[in-house]
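Okay, structure first, notes after.
The values are calculated or read from the model by the stated rules, or taken from the named source; none is laboratory data. Keep in mind that this is a model prediction, so the values were computed, not measured. Virtual Cβ from ideal backbone geometry, glycine too; neighbours counted across all protein chains shown.
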Amino acid sequence: MTSSPETPARLKLISHKLCPYVQRAVIALKEKGVPFERVDIDLANKPDWFMKISPLGKVPVLVVATEENGEVALFESNVICEYIEETQGGAKLHPADALKRAEHRAWMEFGSAILGDLWGLETATDPATFESKRQALLGKFARVEDALGTGPYFAGETFSLVDAVFAPVFRYFDLFDELTDHGIFRDVPKVRAWRAELAKRPSVRTAVGADYPELLRAFLVRHRAHLLKLAA
Ligand SMILES: N[C@@H](CCC(=O)N[C@@H](CS)C(=O)NCC(=O)O)C(=O)O
């Protein structure tokens with residue numbers, strides 16, 4: 001059985017304080033003004049209850065509790081975002097047109113591919129790996145530049161799930177910019193403007209805690225990141 005849009009569901013988001021995939025779901029929920037409970041877990045020490053409900057052992061997991069279905073655990077952030085969009089009121093975060101919606105979904109996937117390169121960049125311990133990930137990101141952001149219009153958001157005036165996916169991508173660079181002149185946004189002015197706009201959005205600002213920068217820095221230290229060696 002599936003829950004209908006009318007069914008009031010209690011939502012619990014199993015999260016991690018640094019996870020960019022979690023952030024996209026948090027941003028979607030906040031944009032729609034949907035109440036939810038957030039439970040941050042330690043991914044280095046995953047609780048048994050979490051392993052039981054998360055087939056891949058990854059966050060986010062959205063636990064949806066309804067009278068008809070009991071508790072259902074949804075995994076995969078884009079699936080969670082789509083469920084939120086289909087079942088919750090508030091602002092629409094996908095275009096009404098099927099072709100545009102499909103394009104948005106494709107760019108959401110592209111955002112995940114960028115996160116893969118970013119993981120490589122932040123965990124690189126040697127200059128060669130770091131440079132290859134930097135090049136990969138330069139190439140991908142050049143494609144994003146070509147896809148952007150006049151802004152302020154991905155699709156113009158209306159904030160969408162593509163914005164929710166890219167805001168956590170850009171957040172990494174708030175710290176990376178402090179560490180080194182990586183040059184990743186040098187030739188992409190539309191991407192730079194988009195990044196600046198997303199950073200102002202309340203849903204984006206509040207999707208992480210005040211301890212985010214210090215936790216990200218500690219992550220880099222733990223991974224002996226090459227990025228830290230570039231810091232002046
Ligand atoms: N494709 C997944 C990726 C989620 C993901 O990679 N989550 C990371 C944290 S940001 C995780 O839980 N990693 C734990 C692990 O792999 O053990 C999604 O979109 O939800």
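Okay, here's what the table says:
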{"quantity": "Sole residue being in a loop (DSSP other than H, G, I, E, B) and over 20 Å from the mean Cα position of the chain (by Cα), chosen from Lys92, Lys52, Lys46, Lys58", "calculated": "Lys46"}
{"quantity": "Test result for Arg143, in contact (Cβ under 8 Å) with a residue 12 or more places away in the chain, basic (Lys, Arg) and surrounded by 17 or more Cβ atoms within 10 Å (Cβ to Cβ)", "calculated": "no"}
{"quantity": "Residue within the stretch 147-158 that is part of a helix (DSSP H, G or I) and of a type in the set (Phe, Trp, Tyr) present", "calculated": "no"}
{"quantity": "Whichever residue in the stretch 61-97 is of a type in the set (Gly, Ala, Ser) and closer than 27 Å to Leu43 by Cβ and, among such residues, is nearest to the ligand (Cβ to nearest atom)", "calculated": "Ser77"}
{"quantity": "Qualifying positions in the stretch 61-71 - out of contact with any Asp or Glu (no Cβ under 6 Å at 6 or more places or on another chain), in contact (Cβ under 8 Å) with a residue 40 or more places away in the chain and not in a loop (DSSP other than H, G, I, E, B)", "calculated": "Val61, Leu62, Val64, Thr66"}
{"quantity": "Pair list, Cβ < 6 Å and 6+ apart or interchain, from the stretch 33-54 residues that are within 17 Å of Arg10 (Cβ to Cβ) to residues that are among the charged types (D, E, K, R) and more than 10 Å from the ligand (Cβ to nearest atom)", "calculated": "Glu37/Lys12"}
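Per-residue answers, yes or no, for (1) buried (at least 20 other Cβ atoms within 10 Å of the Cβ); (2) of a type outside the set (Val, Ile, Thr); (3) under 18 Å from the mean Cα position of the chain (by Cα); (4) at pLDDT 95 or above:
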| residue | (1), (2), (3), (4) |
| --- | --- |
| Thr7 | no, no, no, no |
| Cys19 | yes, yes, yes, yes |
| Ile27 | yes, no, yes, yes |
| Asp40 | no, yes, yes, yes |
